[in-house]
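See structure below.
All of the numbers you see were taken from the coordinates with simple rules; none came from a lab. Worth saying up front: this structure is predicted, and the values here are computed from it rather than measured. Don't worry about glycine lacking a Cβ; one is built from the backbone with ideal geometry, like all the others, and counts go over all protein chains shown.
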């Protein structure tokens with residue numbers, strides 16, 4: 001018979017109070033950690049039940065690139081100067097002779113393209129300033145025959161003190177006429193006598209302000225008034241309006257001289273019968289001015305138009321001492 005087993009319980013070691021306290025402390029720490037972990041874990045979002053599909057499209061985001069400019073010194077080339085404007089065609093002033101001279105070849109045959117177009121030095125003033133030499137070409141009206149007269153005017157009274165007729169239109173002959181050689185020789189002698197008178201008094205040329213300050217359609221000619229000779233130190237120019245003219249110092253902006261030349265003053269209508277036929281001045285046509293700076297003398301050549309047709313102009317000369 002088998003020996004009966006020993007059914008006695010194992011012997012348990014009794015736990016002390018310190019052991020039990022340690023175990024309790026560890027259990028408490030483990031439990032606190034579990035609670036902290038659960039508390040810090042993010043909660044899951046609540047489940048949302050969707051009964052219909054909803055399409056949500058996120059807005060497109062554009063990427064903007066902002067450049068960042070780094071300042072730097074840039075040396076630019078100096079700008080080239082603008083091209084100079086091409087000079088326009090400026091007609092030079094007409095050269096003037098220093099002393100008056102008479103060209104006998106131009107008394108009859110006036111060639112505008114030859115030496116007859118050159119300046120002849122008229123009008124002129126004597127060296128002592130007492131006389132004015134003028135060249136008078138009579139207007140022969142319908143015939144148109146040439147003529148030339150040299151007059152020496154008193155600077156105080158404007159009256160002629162000497163007259164040299166080089167050629168009268170009434171004695172003109174064509175070059176193929178039998179009497180032409182004799183007339184041509186006479187023209188030469190007359191011109192020589194007038195030239196000797198000019199040289200003896202040492203006449204010098206005056207500065208001119210346009211030989212013909214004519215009106216165009218009743219208005220002043222804009223091309224007239226330009227000085228064509230030396231007028232001393234002051235830059236002068238002339239202006240005309242109707243029968244009035246004036247000389248202006250453009251540097252000082254002052255009027256040096258002014259005057260009117262009404263036709264009635266020279267040719268009053270009271271002395272002319274209107275019903276009588278014939279030529280009689282009726283208007284102031286052209287005015288030419290000359291100037292001498294040393295003596296401050298103005299010489300005016302005024303042409304008065306006559307009527308009816310085929311009537312020549314009457315020309316008068318006036319001297320003014322300023």
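Given 0.36 nm per residue, what is the gain on full extension from residue 185 to residue 267 after removing their alpha carbon distance, in nm?
Values: separation 82, 0.36 × 82 = 29.52 nm, distance 3.76 nm.
Result for the pair: 25.8 nm of gain on full extension.
Restricting the calculation to Cα positions, tell me the Rg (one decimal) and the Dmax (whole number) of the range 94-205 in Å.
Rg then Dmax for the range 94-205, in Å: 14.5, 45.
Mind ranking 255-268, 119-132 by how tightly packed they are, going by the mean number of other C-beta atoms within 10 angstrom, highest first?
So the peptides 255-268, 119-132, ranked by packing, come out 119-132, 255-268.
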